[in-house]
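*Asks:* Handing you this structure, nothing more for now.
The values are calculated or read from the model by the stated rules, or taken from the named source; none is laboratory data. What you see is a predicted model; the values in this text were computed from it and never measured. Methodologically, a virtual Cβ is constructed for each residue, glycine included, from the backbone with ideal geometry; neighbour enumeration extends over all protein chains shown.
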Protein chains: 4
Amino acid sequence: MATSVQAVVAHAAHDLRVEPVAAQALGARDVEVRVAVGGICGSDLHYFHRGGVGDFTIREPLVLGHELAGIVARVGDAVDGLAVGDAVVVDPSAPCGVCRQCRRGRRNLCLDVRFLGSAARFPHAQGGFRERLVVDGAQCVPVPPGLTLERAVFAEPLSVAVHAVGRAGAILGRDVLITGAGPIGMLILLVALHAGAGSVTITDISEAPLRVARRLGAQAAINVSEPAALPPVEIAFEASGSEAALEACGEAVGPGGRIVLVGLLAPGLVPIAGNRMVTGEREVVGSFRFTGEEFRAAVAMLGAGLDVGPLLSGRFPLASSLDAFAAAGDRDRSLKVQLQFSDVDPAAAR
Amino acid sequence: MATSVQAVVAHAAHDLRVEPVAAQALGARDVEVRVAVGGICGSDLHYFHRGGVGDFTIREPLVLGHELAGIVARVGDAVDGLAVGDAVVVDPSAPCGVCRQCRRGRRNLCLDVRFLGSAARFPHAQGGFRERLVVDGAQCVPVPPGLTLERAVFAEPLSVAVHAVGRAGAILGRDVLITGAGPIGMLILLVALHAGAGSVTITDISEAPLRVARRLGAQAAINVSEPAALPPVEIAFEASGSEAALEACGEAVGPGGRIVLVGLLAPGLVPIAGNRMVTGEREVVGSFRFTGEEFRAAVAMLGAGLDVGPLLSGRFPLASSLDAFAAAGDRDRSLKVQLQFSDVDPAAAR
Amino acid sequence: MATSVQAVVAHAAHDLRVEPVAAQALGARDVEVRVAVGGICGSDLHYFHRGGVGDFTIREPLVLGHELAGIVARVGDAVDGLAVGDAVVVDPSAPCGVCRQCRRGRRNLCLDVRFLGSAARFPHAQGGFRERLVVDGAQCVPVPPGLTLERAVFAEPLSVAVHAVGRAGAILGRDVLITGAGPIGMLILLVALHAGAGSVTITDISEAPLRVARRLGAQAAINVSEPAALPPVEIAFEASGSEAALEACGEAVGPGGRIVLVGLLAPGLVPIAGNRMVTGEREVVGSFRFTGEEFRAAVAMLGAGLDVGPLLSGRFPLASSLDAFAAAGDRDRSLKVQLQFSDVDPAAAR
Amino acid sequence: MATSVQAVVAHAAHDLRVEPVAAQALGARDVEVRVAVGGICGSDLHYFHRGGVGDFTIREPLVLGHELAGIVARVGDAVDGLAVGDAVVVDPSAPCGVCRQCRRGRRNLCLDVRFLGSAARFPHAQGGFRERLVVDGAQCVPVPPGLTLERAVFAEPLSVAVHAVGRAGAILGRDVLITGAGPIGMLILLVALHAGAGSVTITDISEAPLRVARRLGAQAAINVSEPAALPPVEIAFEASGSEAALEACGEAVGPGGRIVLVGLLAPGLVPIAGNRMVTGEREVVGSFRFTGEEFRAAVAMLGAGLDVGPLLSGRFPLASSLDAFAAAGDRDRSLKVQLQFSDVDPAAAR
């Protein structure tokens, strides 16, 4: 058994290294996954660019990565239902099960969660951009027949979108605005259309993703780098992290409507139209990550054919991770960029 | 039949007059109420002090008043279930029944509502601070046996509190913060305790109402004119209209918690802690007025003995309305100030 | 102005006549619609076959019909936004706006509703299978551009399906069972797929509609005239009115799941598995009609292309109404049968 | 360390023994509780009387008991926040945390739960009617200052009532019916009043508990051993397990109302009024156990003074367990009967 594996490790802002890290021990309830493909997420980019995300800062070398799919390589003695060779996608979230939020069923808000590749706790929860990864067997979800790994690995950000749409309440027949056409905004677009939204308008300040959004079925995809009028809607998803976009959501949402905050905003206070909220009973609600059940629902939607293909912009071998991160940061060129960790073909149907 | 009645009419900021206005015609579905007692609301005070409230400005003389109780004097031919001599409390809200919000059951958000004593539409919806008032029979709710008119007339602001508590979702056993110990904040305190809140903390910058709040059962009543630490809560009601209070709500509410905005805030944008909302899935929701069913529930709660007595600070005859408005505006002296419009005894049990 | 129009009048069980009835007066808020096309509903069939529906019996001649589309012929003085010549679909429901249920926003449960073509009140609310129909202007919804009248008229039963799906709660990604492949079951199938159900299984005892269901996208369409195993689901819609189907729903729905009762059942008591409900916290909820907003959402869905075409089995001229009712009652031949009341082409796009 | 402790063991119907059982090993995350007092629940009585409860039958000797309070005797190495000598009440429920229901936050429906003193799984989950009990530290909730153990131990059935009231939705100001005045029905009465129900009517066929219900604040307590008219309500809790009571709930609940099933019913199918459910959109929902957060809320309510004292009918020493079970089964004499397991005084405030 190899005692070390290659991994993508963030040491500080702009100090990202591909280097060996120690192989992980396999507990009785664990599974070792030979990682095949990983998606680079906005938070990975934040760790790379500024050495932290939100309020969390890297305090020790951190293996990045929480969008992961691969092949089961070893199975602990107490694990049922998984076998060596199975293709799986990894749920990066392991809630504690005993805190106040877990006790009331808000497991995505677990106060003591272990989330792969996150500096929110110390020692950090090391991530999955590595050749081999050990996780609890309960975090491994089989890839449905016919699905490729390069699509299965979208399950994680798709779960974020599924959860966000759930936070919006009834969406069938309702008009929707999405501000921000990055991967999360785009996946919310797909899920909102899939859930029968009456119409979906999406905005961005970059033209390239808006073109993709039109192809995916957005009724309107509006470039707001110039002032633009937005249609009235009942539900808005803020997925850009921009204050101007938040303000636009506040103006577009009608009485009784709801704004779902998905994108992390600037630290501290951000402005909302208070009296419009009172007299129109508008609602602003945060949306954070997803539950394990939503993760499995996302895997099933991908298995049933939800077409995330247009969101995949490119794939780089592990050794070229720095190029991958550079590409992922260029919004005119890229939506979702993937890393490849082995010779398993990510484009082959399972 | 008298062709005019005395009324309290706002002409402009600081121009409030007690003067005759034309008596109103009685339609087949209408009831004429001899008004006995009226409560002065914060919005009445805003019309008095600045000639408007929120975004609405007085454009023609406006009879104020929407907290009203009295005795049925005449009944239209098509009205069932009401008779001359009945003691009634008046629901000031008449939703249109056909707009988008009414069609979906959000009648308190009716886009074409007629609400007594409001400049929101033009011609203005004239109010009920007058000796005789004609309203639709459906707006008259019988006063329960044993209840006095001076208490029954609390039904309107109590409805606002009942609706706000409803907007908070499940409250049983949960810890609650209320910012602002004016009449609405105080009634939310009563309703939250009645609904089984785990604990209620209330804040204000004036000591007098905090003393009353302690008597009403608040577990903590904190003067925030000096910096003060607030306990963590799951639900906050912002009932002061102050940005500092809104910020305090944002800090006090834990993950999964909700802030209900009840008080009108400063015009335009107000600050909220965006990332706390995202990562803790906090929610901010507006609360506006009430439904007719909530109004009737409020009347029933008063009939069952909900003790609003400590909130009644004083009563003035119609002729002394200016004194009444002056008293109502002094938070160190007054909570709820009433006007008396007839010789009917507001303190007699019905 | 003609003083009478031809109408389809139910006098008693099996006594259906095409005969003249008095033309209706036009009030200030009313619109007269030249009816072009009407859909025959299950309740129309019940009036025809047994002289009543549910607990309601015909006590005077009753013009049937509540699925109606046509052309505006006259407009009352107080009606805004509608003009002679407009193509409209008619919302048959006029809630009272003042009862307990309306006050709390459950307008579809209005205790004093006027619903076209119903014997629920006396005098009966006369229906719309007539050449000209007068209704409140608020009940007329413009047909979206490009939609035909023969499709627009599906708005009414589609609203029932939209409401039923709303009663099911979150449906995105969930597995669904529908018992009964009549027009309502079929429209629930369409709406459930449109709302992103994970899979939809539909059952019936007749093969013909099951074939259509497969074409509409059902993952499984099972003939239960022979004993058949049903897959586990999270949501079931009972749309057949059969006790056996209700029992099947109870067995198929897993813990935490919900059964929505849409079809009218046998009078009196029906059996459910009580302990399965307790220990699995299963839920059984009724679903009745729709709100005005849901009606407009249904019209919009049709305008956006929701394909109800495969449900239309045939159309008969007014004079052949008896043939139409005979055809509509034959489940092997028919799903939705329509009546044509004028020379307006129901198949022409508006 | 003693190698055995005395326990109350059910071997079969009517074969209940007080006998030694092996002491339990203490894991790193476990706590050993010296049990002071235990409450006898209806399910304990079922195991005693018929050797099973619902669908579960005793297949090996089963230590009964899941309503438990006591003193911490030993603490595992990995347990935080608990010390020897602490007074605690035990949450009997340990959900698995990984099943489908746990993943979606319905932990009370956990498909693989370990619930103290239950034959639902095999080997059985042994219960807590024993001198010393080892449980996961997360299941031990500190007794609030000033609360006695004899009241703290009501936390478990009170949690069932808190959960049931939560399943009813908004209850503030609504009229409520409870069928069955056993301990659970009585605790629902207390919680419903505490949550601001407009009125509460409770029914039973035994006069003794009805007298207690009146003292606890029920607006009406009706003996239904003779035919009796029940008032219309919006919410009903079925807590008797009787079909006649279920039928009464169905008749009493108005349109839009909800029936919460709490009591286990006769095996198999039970009758409900199907069409009343459809046309009035009535709802029937199961309620099962509680979440850990609800358990803690129940403890806090007891600490804040919720008065369960009138429900305590008697207490027996461990050696007299058979007498205790006999007393608990006599509804004319007993509501809640307790067992005492040590010389710790259950009536002393902590």
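*Asks:* Give the residues of the range B:86-124 that are closer than 18 Å to B:HIS163 by Cα and polar (S, T, N, Q), sorted by residue number.
*Replies:* Listed by number, the residues that qualify are B:SER93, B:GLN101, B:ASN108.
*Asks:* Only residues that are buried (at least 17 other Cβ atoms within 10 Å of the Cβ) and either in contact with a His (Cβ under 8 Å, 6 or more places away or on another chain) or more than 11 Å from chain A (Cβ to nearest Cβ) (or both): list them for the range B:240-252, please.
*Replies:* Residues satisfying the conditions are B:SER240, B:ALA245, B:ALA248, B:CYS249, B:ALA252.
*Asks:* So which residues in the range D:123-158 are assigned to a loop (DSSP other than H, G, I, E, B), touching a helix residue (DSSP H, G or I) at 6+ places or on another chain (Cβ under 8 Å) and under 21 Å from D:ALA349 (Cβ atoms)?
*Replies:* Of everything in the range D:123-158, those that are assigned to a loop (DSSP other than H, G, I, E, B), touching a helix residue (DSSP H, G or I) at 6+ places or on another chain (Cβ under 8 Å) and under 21 Å from D:ALA349 (Cβ atoms) turn out to be D:VAL143, D:PRO144, D:PRO145, D:GLY146, D:LEU147, D:PHE154.
*Asks:* Which one is farthest from the chain's Cα centre (by Cα), of the residues in the range C:45-61 that are in a strand (DSSP E or B) and more than 19 Å from C:VAL337 (Cβ to Cβ)?
*Replies:* Here the answer is C:THR57.
*Asks:* Can you tell which of C:GLY70, C:GLY65, C:GLY38 is under 15 Å from the mean Cα position of the chain (by Cα), assigned to a strand (DSSP E or B) and not aliphatic (A, V, I, L, M)?
*Replies:* From the options C:GLY70, C:GLY65, C:GLY38, the qualifying one is C:GLY38.
*Asks:* Out of D:ALA120, D:ALA161, which single residue is within 14 Å of another protein chain (Cβ to nearest Cβ), in a helix (DSSP H, G or I) and hydrophobic (A, V, I, L, M, F, W, C)?
*Replies:* D:ALA161
*Asks:* Moving on to the next point. Does B:ARG103 fit the bill of being of a type in the set (D, E, K, R) and within 19 Å of the chain's Cα centre (by Cα)?
*Replies:* no
*Asks:* Would you check which residues across the range C:198-244 are assigned to a loop (DSSP other than H, G, I, E, B) and within 20 Å of the chain's Cα centre (by Cα) and list them?
*Replies:* C:ALA239, C:SER240, C:GLY241, C:SER242, listed by residue number.
*Asks:* I've got another one for you. What residue, of C:GLY54, C:GLY81, C:GLY105, is of a type outside the set (Lys, Arg) and out of contact with any Ser or Thr (no Cβ under 8 Å at 6 or more places or on another chain)?
*Replies:* The unique qualifying residue is C:GLY81.
*Asks:* Applying the selection to the range B:301-326, what residues are within 17 Å of B:PRO157 (Cβ to Cβ), of a type outside the set (Ser, Thr, Tyr) and either surrounded by fewer than 18 Cβ atoms within 10 Å (Cβ to Cβ) or in contact with a Ser or Thr (Cβ under 6 Å, 6 or more places away or on another chain) (or both)?
*Replies:* Residues satisfying the conditions are B:ASP307, B:GLY309, B:PRO310, B:GLY314.
*Asks:* Does any residue in the range A:1-30 that is among the charged types (D, E, K, R) come within less than 7 Å, Cβ to Cβ, of a residue that is outside any strand (DSSP E or B) six or more places away or on a different chain, and which pairs are these?
*Replies:* That search, which allows pairs on different chains as well, returns A:ARG29/A:GLY76; A:ARG29/A:ALA78; A:ARG29/A:VAL79; A:ARG29/A:GLY137; A:ASP30/A:GLY76; A:ASP30/A:GLY137.
*Asks:* Among the candidates B:GLY169, B:GLY185, which residue alone is closer than 30 Å to B:ALA94 by Cβ and either buried (at least 24 other Cβ atoms within 10 Å of the Cβ) or modelled with pLDDT under 95 (or both)?
*Replies:* Only one candidate qualifies: B:GLY185.
*Asks:* Return only the number of the condition from (1) surrounded by fewer than 20 Cβ atoms within 10 Å (Cβ to Cβ); (2) touching a His at 6+ places or on another chain (Cβ under 9 Å) that B:SER287 does not satisfy.
*Replies:* Result: B:SER287 fails condition (1) only.
*Asks:* Going through B:ARG114, B:ARG151, B:ARG107 one at a time, which residue ends up being of a type in the set (D, E, K, R), touching a Gly at 6+ places or on another chain (Cβ under 8 Å) and under 21 Å from B:SER287 (Cβ atoms)?
*Replies:* B:ARG107
*Asks:* With respect to A:LEU216, is the statement that it is more than 14 Å from chain C (Cβ to nearest Cβ) and surrounded by fewer than 24 Cβ atoms within 10 Å (Cβ to Cβ) true?
*Replies:* yes
*Asks:* Is it the case, given these coordinates, that D:VAL233 is within 14 Å of another protein chain (Cβ to nearest Cβ), closer than 23 Å to D:VAL284 by Cα, modelled with pLDDT of 95 or more and in contact with a Leu (Cβ under 6 Å, 6 or more places away or on another chain)?
*Replies:* Against the criterion (within 14 Å of another protein chain (Cβ to nearest Cβ), closer than 23 Å to D:VAL284 by Cα, modelled with pLDDT of 95 or more and in contact with a Leu (Cβ under 6 Å, 6 or more places away or on another chain)), D:VAL233 qualifies.
*Asks:* Show the residue pairs meeting these rules: Cβ distance below 6 Å; 6+ apart or different chains; first residue within the range B:126-149 and within 14 Å of chain C (Cβ to nearest Cβ); second residue assigned to a loop (DSSP other than H, G, I, E, B).
*Replies:* From the range B:126-149, the pairs are B:ASP136/B:ARG29; B:GLY137/B:ARG29; B:GLY137/B:VAL79; B:GLY137/B:LEU82; B:ALA138/C:VAL98; B:GLN139/B:ASP91; B:CYS140/B:LEU82.
*Asks:* Only one of these conditions is not met by D:VAL262: (1) farther than 29 Å from D:SER93 by Cα; (2) at pLDDT 95 or above. Which number is it?
*Replies:* Of everything listed in (1) farther than 29 Å from D:SER93 by Cα; (2) at pLDDT 95 or above, D:VAL262 misses just condition (1).
*Asks:* Now for a different question. Considering only residues that are in contact (Cβ under 8 Å) with a residue 40 or more places away in the chain, more than 10 Å from C:ALA164 (Cα to Cα) and not charged (D, E, K, R), which ones fall in the range C:258-283?
*Replies:* Within the range C:258-283, C:GLY263, C:LEU264, C:PRO267 meet the criteria.
Condition check ((1) assigned to a strand (DSSP E or B); (2) among the hydroxyl-bearing types (Ser, Thr, Tyr); (3) under 22 Å from the mean Cα position of the chain (by Cα); (4) buried (at least 18 other Cβ atoms within 10 Å of the Cβ)) across all residues:
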site	(1), (2), (3), (4)
A:ALA2	no, no, no, no
A:VAL9	yes, no, yes, yes
A:GLN24	no, no, no, no
A:VAL33	yes, no, yes, yes
A:SER43	no, yes, yes, yes
A:ALA78	no, no, no, no
A:LEU82	no, no, no, yes
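*Asks:* So, in the range C:107-159, exactly how many residues are of a type in the set (Ser, Thr, Tyr) and either surrounded by fewer than 24 Cβ atoms within 10 Å (Cβ to Cβ) or modelled with pLDDT under 95 (or both)?
*Replies:* Total satisfying the criteria: 2.
*Asks:* Do you know which of the residues in the range C:84-106 that are farther than 18 Å from B:GLN139 by Cα and either of a type outside the set (Val, Ile, Thr) or within 14 Å of chain B (Cβ to nearest Cβ) (or both) is surrounded by the most Cβ atoms within 10 Å (Cβ to Cβ)?
*Replies:* C:ASP91
*Asks:* Output the qualifying pairs, or none if there are none: Cβ atoms under 8 angstrom, residues six or more apart or on different chains, first residue in the range D:284-309 and within 12 Å of chain A (Cβ to nearest Cβ), second residue of a type outside the set (A, V, I, L, M, F, W, C) and assigned to a strand (DSSP E or B).
*Replies:* D:PHE290/D:SER93; D:GLY292/D:SER93; D:PHE295/D:SER93
*Asks:* Another question, if that's okay. Before we move on, is B:GLY217 in contact (Cβ under 8 Å) with a residue 12 or more places away in the chain and in contact with a helix residue (DSSP H, G or I) (Cβ under 6 Å, 6 or more places away or on another chain)?
*Replies:* So B:GLY217 passes the test.
*Asks:* Quickly run through the range B:336-345 and pick out the residues that are under 20 Å from the mean Cα position of the chain (by Cα) and surrounded by fewer than 22 Cβ atoms within 10 Å (Cβ to Cβ).
*Replies:* Scanning the range B:336-345 gives a single hit, B:GLN340.
*Asks:* Could I ask something else about it? Can you find even one residue in the range A:275-289 that is at pLDDT below 95 and in contact with a helix residue (DSSP H, G or I) (Cβ under 7 Å, 6 or more places away or on another chain)?
*Replies:* For the range A:275-289, residues at pLDDT below 95 and in contact with a helix residue (DSSP H, G or I) (Cβ under 7 Å, 6 or more places away or on another chain): present.
*Asks:* Next question. Would you be able to tell me the number of residues in the range A:253-269 that are more than 30 Å from B:ASP112 (Cβ to Cβ) and crowded, with 22+ Cβ neighbours inside 10 Å?
*Replies:* Residues that pass the stated criteria total 4.
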